[in-house]
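Have a look at the structure below before the remarks.
The values are calculated or read from the model by the stated rules, or taken from the named source; none is laboratory data. Not measured: the values here are computed from a predicted model. No Cβ is skipped: glycine too gets one built from the backbone with ideal geometry, and neighbour counts run over all protein chains shown. The accessibility values were calculated without ligands, DNA or RNA, using every heavy atom of the protein model including side chains. Shrake-Rupley method; radii C 1.70, N 1.55, O 1.52, S 1.80 Å.
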Amino acid sequence: MTRPRRYPSDTTDAEWEILEPLLAPPACRRRTGGRPEKHHRRAIIDAIFYLVDNGIKWRAMPADFPPWRTVYGFLTRWHDDLTALTLTDRLREQIRCAAGRTATPTAGCVDSQSVHECAEATVSRDTSGYDPHKRVNGRKRHIIVDTLGLLIAAHVTAANVQDRDGARPIVHQAALHGIAHIWADHGYHGDLITWAADLDVTIEIVPRPAGKGFQVLPRRWVVERTFAWLTRRRRCARDYERLPEHHETIIYWAAILQMTRRHARTRTTSPAT
C-alpha cells in the first residue's frame, strides 16, 4: 500500500484493521491459485468509499486511485459473490457484540424511501415509477434495520410499488437472519402480515399518535435515522444507477462505510475491547 490517505472518505489504519480480515483472500493465496492482484485492496475500498460518499461519475475517479474500470470490476464482483452482504452482516455482528447485545438480532424495523432519479436519464423506464403520495418520480428503497439502526437487508423497486409488496423480499431475508418481530407503519397493513406469519415473523403496526405536527414514533424513529445516515452519502441522495441491483449495492456500501467508522470509534474509546 503506497497510496497516502488524502480524502475524508479514505479508511484510517483502525478502520482497515477491521475491514481487511473480513475480505476473502485473493485468488493467488488460495489453493486454486491465480494471478496476484495489481492494486492493493485498501485502495479499491477507498475508491468505492470515495464514489459513494462524493457521488462522482465513474469516469471522474481521481487519478491517485486505481483505474475506474478496475474499481467497477471489483464492485460488481463483490456484488455477485455477496461480499457486500457479508461485510454488512459481519460488521453488524461486531458492533452489536461491542454494545453488549447478541450478535444476531431478533427484532427490527422496516420502512421505505422514495428517491428521485437523476436528470441524466440513466434510470430506465422499466425500473422507474411515480409515487403520488411523496410526489417522487424514480425508485423506492425498502430496508430493514435492527434496534440499533444497523442495516439487515435492502431492496430497490420502482417508486410506484406498494410498501407491503416491495417489503416481501427483505422480510424473507430478515427471517433467514433470525428476525422474529418487525415494527412497521400503516402502509404495511394487510396481506403482508399474514404472509410474514408463515415465516414465523410478527409484524406490529405502530400507530401514529393523535394530533398534528412532528412526533417521534416509538421504534420507527430508528429506521428513519438510518435513512438519514444513507442520504448523507451523495451517491444515495438520488438514484444514479441503471440497474436496481446496483443501487442496492451502493446502499450496502454506504452502510459499510458508516458501520466501519462507528466500530472504529468504539474500539478506540473502549479500553476493554
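Some points to look at:
- Surface calculation, 1.4 Å probe, protein heavy atoms: His246 sits at approximately 50 Å² accessible.
- Cα-centred dipole magnitude for the range 1-150, charges only on beta-carbon of K, R (+1) and D, E (-1), debye, nearest 20: 380
- The range 1-72 has equivalent-ellipsoid semi-axes of 22, 15, 10 Å, by the square roots of 5 times the alpha carbon gyration tensor eigenvalues, sorted largest first.
- Residues of the range 80-109 with amide N under 18 Å of a point placed 7 Å along Cα→Cβ from Lys134: 109
- Restricting attention to the chain, lysine pairs at least eight places apart or on different chains and with alpha-carbon atoms under 27 angstrom apart total 4.
- For the range 13-145, accessible area per residue (1.4 Å probe, heavy atoms of protein chains only), Å²: 53
- With the simple spin-label model, which puts each label point 7 Å out from Cα in the Cβ direction, the Arg125 to Tyr72 separation comes to 2.5 nm.
- If the convex hull is drawn through the Cα atoms of the range 95-253, its volume per residue in Å³: 124
- The Cα trace of the chain gives Rg and Dmax of 19.3, 65 Å, the first to one decimal, the second as a whole number.
- Inter-label distance, nm, simple model (7 Å from Cα along the C-beta direction), His177/Trp195: 1.9
- Between 0 and 90°, nearest 10: helix 221-231 axis offset from the chain longest Cα axis: 40
- Rolling a 1.4 Å probe over the protein heavy atoms of the chain, with every protein chain left in place, gives an accessible area that is 50 percent carbon and sulfur.
- Zone residues, the range 37-68, relative to Ala237, backbone N less than 12 Å from point 7 Å out along Cα-to-Cβ: 53-56
- Accessible area of Thr12 (1.4 Å probe, protein heavy atoms only, ligands and nucleic acids ignored): about 40 Å².
- Taken over the range 32-91, the alpha-carbon convex hull comes to 106 cubic angstrom per residue.
- Positive minus negative residues near His142 (Lys, Arg vs Asp, Glu; Cβ under 11 Å): +1
- Once the Cα-Cα distance is subtracted from the 0.36 nm per residue extended length, the Arg267 to Cys97 segment shows a gain of 60.0 nm.
- Here the chain is treated with +1 on each Lys and Arg Cβ and -1 on each Asp and Glu Cβ, and its dipole about the Cα centre works out to around 900 debye.
- Calculated FRET efficiency for the pair Lys38/Arg59, C-beta based, R₀ 25 Å, to 0.05: 0.80
- Ligands, DNA and RNA aside, Cys109 has an accessible area near 0 Å² when probed at 1.4 Å.
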